[in-house]
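The values are calculated or read from the model by the stated rules, or taken from the named source; none is laboratory data. Because the structure is predicted, anything quoted here is derived from the model rather than measured. Glycine gets a Cβ as well: all are built from the backbone with ideal geometry, and neighbour counts include every protein chain shown.
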Amino acid sequence: MFAKGDYVFYASGGICRIEDVQRAPLPGMPEDRTYYVLRSLHDANGVSYLPTDCTTVFLRPILTSEQAKQFLSAANNVETIEAADAKALRTNYQEAMRKNSPDEWFRIIKTIRERAARLNENAKPVKLSETERTFSEEAKKYLYTELSLALDLTVAQIEQSLFDNCNKKAE
């Protein structure tokens, strides 16, 4: 069970802070159930109420500081997503996002970053699809926020650290 003040990843709300744990926080809710009151860090007005005994909704703690450090040190080993065409690539991105995992979010970010770099090598202006921009933004939002909270760093520092580690592999 989570406690007031904990940060969690909630599939329907992204990274959230547990504002409270209480019985029937709103009128009409069953009095015999306890709920997490979740405040989204991605939506200033985003508040969700989730029964603490709910097993059908994905809810997990964010990474600990130690797990986040391990994640950063292993970032250079993350493989990119491969696909034969744009439709397959979109399907692979969707499947990766459904896993609600920092590893999968980073796979998306790294894949799109490398695809953009390859496009840029052809001396053409980089033009990623709207789909890729959307997946990249969502994955960054979740991953960078989670790592930022776990390590008490800014989002810019997280991004720099992730790609510094990836570049070490290439050198």
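Miscellaneous remarks
- Residue within the stretch 96-109 that is surrounded by 17 or more Cβ atoms within 10 Å (Cβ to Cβ) and over 13 Å from the mean Cα position of the chain (by Cα) present: no
- Output for the stretch 39-50, where each listed residue is in contact (Cβ under 8 Å) with a residue 12 or more places away in the chain, over 30 Å from ASP164 (Cβ atoms) and either part of a helix (DSSP H, G or I) or of a type in the set (S, T, N, Q) (or both): SER48
- Selection from the stretch 60-74 of residues that are within 26 Å of TYR36 (Cα to Cα) and either touching a strand residue (DSSP E or B) at 6+ places or on another chain (Cβ under 8 Å) or aliphatic (A, V, I, L, M) (or both): ARG60, PRO61, ILE62, LEU63, ALA68
- Candidate set: the stretch 69-85, residues that are out of contact with any Lys or Arg (no Cβ under 9 Å at 6 or more places or on another chain) and not hydrophobic (A, V, I, L, M, F, W, C); chosen: the one surrounded by the most Cβ atoms within 10 Å (Cβ to Cβ): LYS69
- The set of residues from the stretch 51-86 being polar (S, T, N, Q), in a loop (DSSP other than H, G, I, E, B) and in contact with a helix residue (DSSP H, G or I) (Cβ under 6 Å, 6 or more places away or on another chain) comprises just one member, THR80.
This table checks each residue for (1) assigned by TED's automatic domain parsing to the domain that holds ILE18; (2) touching a Ser or Thr at 6+ places or on another chain (Cβ under 8 Å).
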site: ARG33; (1), (2): yes, yes
site: CYS54; (1), (2): yes, no
site: ILE81; (1), (2): no, yes
site: GLU104; (1), (2): no, no
site: GLU137; (1), (2): no, no
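- Enumeration of residues in the stretch 34-68 that are charged (D, E, K, R) and surrounded by fewer than 15 Cβ atoms within 10 Å (Cβ to Cβ): ASP43, ASP53, ARG60, GLU66
- Scanning the stretch 18-25 for any residue that is assigned to a strand (DSSP E or B), over 15 Å from the mean Cα position of the chain (by Cα) and hydrophobic (A, V, I, L, M, F, W, C) turns up at least one such residue.
Conditions (1) farther than 29 Å from TYR35 by Cα; (2) touching a strand residue (DSSP E or B) at 6+ places or on another chain (Cβ under 9 Å), marked per residue:
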residue	(1), (2)
ASP53	no, yes
ALA84	yes, no
ALA88	yes, no
TRP105	no, no
LEU128	yes, no
GLU138	no, yes
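- Candidates GLY14, GLY28: the one that is outside the structural domain of PHE163 (by TED's automatic domain parsing), among the small types (Gly, Ala, Ser) and surrounded by 12 or more Cβ atoms within 10 Å (Cβ to Cβ) is GLY14.
- Of the listed requirements (1) within 16 Å of the chain's Cα centre (by Cα); (2) within 20 Å of ASP103 (Cβ to Cβ), SER40 misses just one: (2).
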